[in-house]
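Please read the structure below before turning to the comments.
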Amino acid sequence: MYDCLLRYRVELSHTDRKMLPVISVYQSVLPQVFFGGARCQHPCILSCFVVHTMDHDDRNPSLESFMSDPSNRRFLILGLILSVIVIAAVSFTFPRSTPAEPSGSDPGAAAIDKPAASISATPAPLIVTRNTPTIMTEDDRPSRLKTMTSSWGTNWNKHSVRYEEILAGGPPRDGIPSIDEPKFITPDQAAEWLADNEPVIALEINGDARAYPLQILIWHEIVNDTVGDVPVIVTFCPLCNSAITFDRRVQGQLFEFGTSGLLRNSDLVMYDRTTETLWQQFTGEGIVGDLTGEMLTWLPSSIISFADFRAAYPKGIVLSRETGYNRRYGSNPYVGYDNVDQRPFLFDSIPDERLRPMERVVTVSLGDTHVAYPLPVLAEMGVIHDTVNGQNLVVFHVSGTTSALDARTIAAAKDVGATGVFDPEIDGQQLTFSRQGDVFVDEQTGSSWNIVGQAIAGPLAGKQLRPIIHADHFWFSWAAFRPETIIYSP
């Protein structure tokens, strides 16, 4: 429900902002009183009021007209009173579960020919190792979860996580609509509304390079697409700052994915529309349903600036704002969420205190070794050379990319930069890099490289470093899924 309330703060007009104190009371005071400061897990009347007043359709409703009616104002006050009563009653009736142990449209949006690669094809990436989970075979869903999922076709007798860990995020299933028929435009067309410093998810497969602006993904979270003849799912969970791309084929079968309306460790829980299995976005693992234990194949992608994408992939294409939905693209509905002192939403586990919960980290998993590189450390160093589970790697950072979760207008947000992780070996030669301005230069040949691992000048121009799958997350979320993580220290 906090996800829902936070998402709709952006829908309030200037006049409507007089309602923000009411919502803030609900977000902050009530959980403090009834749950000792923890985020409330139980649905309540005010949540339903907000959802139904400003629902996830193509309208842009305003509270101003609603509040002009005295009867509606009385209804809101009554709802607040009843909320207190319900929360108090539910908190005593259903004790909190014990936290898990650490274990508008665009011109020219018509079809565009698939671009040719301008640099040698990207080498096969180093992939994430798969683990075998323990499968449980009892449908022991809590009553609240059973009620909200009663019409689903999911096989609830097969799961690898405890149902107490799965919470309602606010919007219903598909209430945050995935983009299933994406349209693309040229970078020049996108530049009419997409600023150079705005973050995009950059994905290149078989010479087909595409950019998925976070100003769009923040409202949809999932894009079902086909890139370089590979069916993919491009995902973004704003609550964890997790941008991850997967191949959407499992056991030779093609799947389409949507948002389930559920969260686990504050992370997006997806579902496939064939078996209705639930999938954890953070890990790519099937966690409930017939495909429990199956893993989606990770694909290398990264969050970089639109300017860096245009420079690296001049024939690349950009996801269009012509999505079929009316959203305030370019605006951030999670204003201030990535403040390092902000508390995570709908996160009921014990946070790992080695870093502040909302600190950004660059993460790598190789075999059974997980490493987090704190962004402040990386930003200062520019380049980090490391060895993880026997694999040499290099981590790049360059400035010029804004946060999607800071200011109300994404283009005006703080600069958090972009990252890339690569195998530093080219043609049998290990390279050592340093950051020089907005490029990276290797000591061995003096060649210059960009943030996506392309050699853009010097003797090695045209070469491509092999990407190592990585992601930029908030620390709390990564540590919840990978508690055994090693934190890099220079």
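Of the residues making up region 273-324, those that are within 18 Å of Ala209 (Cα to Cα) and hydrophobic (A, V, I, L, M, F, W, C) number 12. Filtering region 244-256 for residues that are outside any loop (DSSP other than H, G, I, E, B) and touching an Asp or Glu at 6+ places or on another chain (Cβ under 6 Å) leaves a non-empty set. Taking the stated definitions as given, is Gln464 touching a Gly at 6+ places or on another chain (Cβ under 7 Å) and either at positive phi or not small (Gly, Ala, Ser) (or both)? In short, yes. Within region 352-409, being within 20 Å of the chain's Cα centre (by Cα) and polar (S, T, N, Q) holds for Thr363, Ser365, Thr401, Thr402, Ser403, Thr409. Screening region 204-222 for residues that are outside any helix (DSSP H, G or I) and out of contact with any Pro (no Cβ under 8 Å at 6 or more places or on another chain) and picking the one that is farthest from Asp308 (Cα to Cα) gives Ile222. Just to be sure, is Thr226 part of a strand (DSSP E or B), of a type in the set (Ser, Thr, Tyr) and crowded, with 24+ Cβ neighbours inside 10 Å? Here the answer is no, as Thr226 does not meet what is asked. Could you check, for region 201-221, whether at least one of its residues is in contact with a helix residue (DSSP H, G or I) (Cβ under 7 Å, 6 or more places away or on another chain), assigned by TED's automatic domain parsing to the domain that holds Arg310 and aromatic (Phe, Trp, Tyr)? No, that holds for no residue.
Listed by first and then second residue, the pairs linking a residue in region 321-343 that is closer than 28 Å to Asp180 by Cβ to a residue that is of a type in the set (Ser, Thr, Tyr), with Cβ atoms under 6 Å apart and 6 or more places separating them unless they lie on different chains, are Arg321/Tyr329; Glu322/Ser105. Can you confirm whether region 325-346 contains a residue that is touching a strand residue (DSSP E or B) at 6+ places or on another chain (Cβ under 6 Å) and not polar (S, T, N, Q)? Yes, some residue in region 325-346 is touching a strand residue (DSSP E or B) at 6+ places or on another chain (Cβ under 6 Å) and not polar (S, T, N, Q).
Table: residues versus (1) small (Gly, Ala, Ser); (2) part of a strand (DSSP E or B); (3) assigned by TED's automatic domain parsing to the domain that holds Pro238.
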site: Gly400; (1), (2), (3): yes, no, no
site: Ala411; (1), (2), (3): yes, no, no
site: Phe422; (1), (2), (3): no, yes, no
site: Arg435; (1), (2), (3): no, yes, no
site: Thr445; (1), (2), (3): no, no, no
site: Ile451; (1), (2), (3): no, no, no
site: Ala461; (1), (2), (3): yes, no, no
site: His473; (1), (2), (3): no, yes, no
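Among the numbered conditions (1) of a type in the set (Lys, Arg); (2) modelled with pLDDT under 95; (3) surrounded by 19 or more Cβ atoms within 10 Å (Cβ to Cβ), the only one that Arg360 does not meet is (2).
The values are calculated or read from the model by the stated rules, or taken from the named source; none is laboratory data. Keep in mind it's a predicted model, so treat the numbers as computed, not measured. For neighbour counting, all protein chains shown are included, and Cβ atoms are generated from backbone atoms with ideal geometry for every residue, glycine included.
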